[in-house]
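J.: The structure follows.
We did not get these values from a lab; they are worked out from the coordinates using the rules stated. The structure displayed is predicted, hence computed values, not measured ones.
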Amino acid sequence: MDSGGKQIGHWDPRNPDRGHRSESKGLITRWLALTASIMLASYLITGIHVEGVFSAFFTAAILGILNVFLRPFLLILTLPINILTLGLFTFVINALMLKMASGVISGFDVHGFWPAVFGAIVISVVNWILNTFINEQSNHTIR
């Protein structure tokens, strides 16, 4: 909240478009961050191949959809092994998501289990760094 008692960056009944614009801008920014993470993973890891930016862009969309609908179910299903591995099994789940996305997008290929795991680690770390930077920037610019 600011000094006037209004919430910052949320929907304002006097300006109904303000909240929707910032939400869609944040979604697109996170989508582009995931796209950049996928491109970097394909550059760093031999078993991951992306034909172009549009393939990475659509892969990011598919990964986003899979993460929203399928990942929570898989995390609950594998909770015991995830607890035993102190959360490291989450990278295997992310690798599975990456392999599933490579099956759907023709310009995105993941060859093997280990490139998928290392790609999931790279994508997770780079995406976390970019989203942290994006969130810090948005917190400073919204007033």
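J.: Based only on Cα atoms, what Rg/Rh ratio does the stretch 19-128 have, Rh being taken as Kirkwood's radius? Show your work: numbers first, answer last.
T.: On the way: Rg = 14.0 Å, Rh = 14.2 Å.
Radius of gyration relative to Kirkwood radius: 0.98.
J.: Quick one: 3J(HN,Hα) in Hz for the stretch 62-69, Karplus 6.51/-1.76/1.60 with θ = phi - 60°, rounded, Gly and Pro as x.
T.: These are the phi-based 3J(HN,Hα) values: 5, 4, x, 5, 5, 5, 6, 9 Hz.
J.: Tell me the volume per residue, in Å³, of the convex hull enclosing the alpha carbons of the stretch 27-74.
T.: Values: hull volume 3.7 nm³, N = 48.
Cα-based convex hull of the stretch 27-74, divided per residue, equals 77 Å³.
J.: The stretch 32-75 to the stretch 106-128: how many Å between their Cα centroids?
T.: For the stretch 32-75 versus the stretch 106-128, the Cα centre distance is 7 Å.
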